Amino acid sequence: MSETHDLIDELSAISAGSALAESRKFRAAATEHTRGSYQALFSTGSDAFPLPLRAAIAAQVADWHQSVGLLQHYLRRTDGDVDPQRLSSALSFARRLTFQPVAATPADLAELQQAGWQPDEIITLAQLVSFVSFQSRLIHGFTLLESLTTPTEPVPADPLPAPVTAGRWHTQSHTAGHRPAPLAFTRKQLGWEPWLPAKPFSDFSPQGQESLIRFGHQDSDYFRLLGRDQPVLEQRTLTDKGIFYTHGGLPRAERELAATVVSKVNGCIYCASVHARKASQLSKLQDEVALLLQVQPGDPLSDGQSARWQAEIEAVAALSLTPPQLTTAHLQALQRLPLSTLEMTDLIQATAFFAWANRLMLTLGEPFIPAEVATAATEKRTSA
């Protein structure tokens, strides 16, 4: 199932030589490793998780995102026998990841295991669903951006939709592993515990160990869990670096802002803690980031922000909904700031990537408050 062309370019109708095409070339690492992630998931199957089953699941996820071209792409790849029971159990899990990842519990993974899914296969399944969520948002955002920046006729100035509101988040006091859990969004350092056993570092091949060390992942339960499908993990990590750690374009602080906003929409406290901290450090806008984190479920995410951050937050939040609700009006508001095509490309890619990241974090484990942080908080309350 090798692709000799760029699927995102094709399904977004990106013209050769357009401003968006040049931006994707400038972001060559992100473009290359988005293709690499697709290849890792859809070029080689296994007896337990064959390619027709992968394509059938991907087609349904694309349909849920109302990504018609992507749906048709995967439907063309469903030739072959598909075990209906395996498909049914996978789609139940995929629906949770697609629409309500914050509602996931260890019971969802237990149900998959009872249906015969092994831990390695569950990781590949979670990556697949989350990757199609990423693809769908890239295609949605890039289709609008290409139409806006390479118009065949004047693009009318449409009114902006109502601002997107914050999603709900976990409010249980303890994790499944009986550790204290965060009850609100924070910039403090958090831990994360997996609901499936992370792969021991010693069980990785020498090449796998080298890869984990190269990216600094050898001591992370999260990355050693994702390492159960190492080819996908490696391409995903390189995609991440190609989106967030590159020069030019959108300031890095605003890419981190995008990651934080997506996490507020999806209710991912852990991801927000990491990226709100980075957004604060890089932008020096401590109060503005704190204001974003404090937004309660059902309240608009962009209230009280500067005009630039307000436009970015509204665009990011709209693209984060399922199906995506980003409109041309959102992009026109970004143009007026002004943001260049490359900067909007960066914003779309950062947003889409965290549709992928949040879904893994929320459905494979949960955050906890490290013992030293919990102890410090207790001592502070006692001395007050």
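The values are calculated or read from the model by the stated rules, or taken from the named source; none is laboratory data. Since this is a predicted model, take the numbers as computed values, not measurements. Neighbour counts run over all protein chains shown; Cβ positions are idealised from the backbone, glycine included. Surface accessibility is based on the protein's heavy atoms, side chains included, excluding ligands, DNA and RNA. Shrake-Rupley method; radii C 1.70, N 1.55, O 1.52, S 1.80 Å.
Observations on the structure shown:
- Screening Val373, Val316 for residues that are at pLDDT 95 or above, part of a helix (DSSP H, G or I) and surrounded by 14 or more Cβ atoms within 10 Å (Cβ to Cβ) leaves exactly one candidate, Val316.
- Filter pass, Leu75 being farther than 22 Å from Ala176 by Cα and free of Cβ contacts under 8 Å to residues at least 60 places away in the same chain: yes
- Within region 30-52, tally of residues that are crowded, with 16+ Cβ neighbours inside 10 Å and among the small types (Gly, Ala, Ser): 5
- With respect to (1) in contact with an Asp or Glu (Cβ under 7 Å, 6 or more places away or on another chain); (2) closer than 24 Å to Trp169 by Cβ; (3) surrounded by fewer than 22 Cβ atoms within 10 Å (Cβ to Cβ), the lone exception for Gly249 is condition (2).
- Matching entry among Arg236, Arg214 (being among the basic types (Lys, Arg) and open to solvent by 30 Å² or more (accessible area, probe 1.4 Å)): Arg214
- Failed criterion for Gly227 (all others in (1) open to solvent by less than 20 Å² (accessible area, probe 1.4 Å); (2) in a helix (DSSP H, G or I); (3) in contact with a Pro (Cβ under 9 Å, 6 or more places away or on another chain); (4) over 26 Å from Ala318 (Cα atoms) hold): (3)
- Flag for Gln100 being open to solvent by 70 Å² or more (accessible area, probe 1.4 Å) and within 29 Å of Phe42 (Cα to Cα): yes
- So Asp120, is it outside any loop (DSSP other than H, G, I, E, B) and of a type in the set (Asp, Glu): yes
- Listed conditions (1) crowded, with 16+ Cβ neighbours inside 10 Å; (2) without any contact (Cβ under 8 Å) to a residue 40 or more places away in the chain; (3) touching an Asp or Glu at 6+ places or on another chain (Cβ under 9 Å) are all met by Gln60, apart from (3).
- Residue check, Pro197 farther than 26 Å from Pro119 by Cβ, part of a loop (DSSP other than H, G, I, E, B) and either among the small types (Gly, Ala, Ser) or touching a residue at least 24 places away in the same chain (Cβ under 8 Å) (or both): no
- Cβ pairs under 8 Å, 6+ apart, first in region 110-125 and without any contact (Cβ under 8 Å) to a residue 60 or more places away in the chain, second outside any loop (DSSP other than H, G, I, E, B) and of a type in the set (Phe, Trp, Tyr): Glu111/Phe93; Leu112/Phe93
- For region 257-269, a residue qualifies if it is in contact (Cβ under 8 Å) with a residue 40 or more places away in the chain and buried (at least 23 other Cβ atoms within 10 Å of the Cβ), and the qualifying residues are Leu257, Ala258, Ala259, Val261, Val262, Ser263, Lys264, Val265, Asn266, Cys268, Ile269.
- From the list Pro182, Pro159, the one residue that fits, being at negative phi and open to solvent by less than 20 Å² (accessible area, probe 1.4 Å), is Pro182.
- Cβ pairs under 9 Å, 6+ apart, first in region 280-307 and assigned to a helix (DSSP H, G or I), second open to solvent by 80 Å² or more (accessible area, probe 1.4 Å) and not hydrophobic (A, V, I, L, M, F, W, C): Ser280/Gln286; Leu291/Asp303
- Residue identified as over 22 Å from Phe99 (Cβ atoms), touching a Lys or Arg at 6+ places or on another chain (Cβ under 6 Å), touching a residue at least 60 places away in the same chain (Cβ under 8 Å) and open to solvent by less than 20 Å² (accessible area, probe 1.4 Å) among Ala333, Ala352, Ala329, Ala276: Ala276
- Filter pass, Ala16 being open to solvent by 40 Å² or more (accessible area, probe 1.4 Å) and either without any contact (Cβ under 8 Å) to a residue 12 or more places away in the chain or over 15 Å from Phe131 (Cβ atoms) (or both): yes
- When Glu210 is tested against the conditions (1) in a loop (DSSP other than H, G, I, E, B); (2) charged (D, E, K, R); (3) over 22 Å from the mean Cα position of the chain (by Cα), the lone failure is (1).
- Flag for His275 being within 22 Å of the chain's Cα centre (by Cα) and under 16 Å from Ala355 (Cα atoms): yes
- Complete set of residues in region 246-255 that are in contact (Cβ under 8 Å) with a residue 40 or more places away in the chain and either assigned to a helix (DSSP H, G or I) or of a type in the set (A, V, I, L, M, F, W, C) (or both): Leu250, Glu254, Arg255
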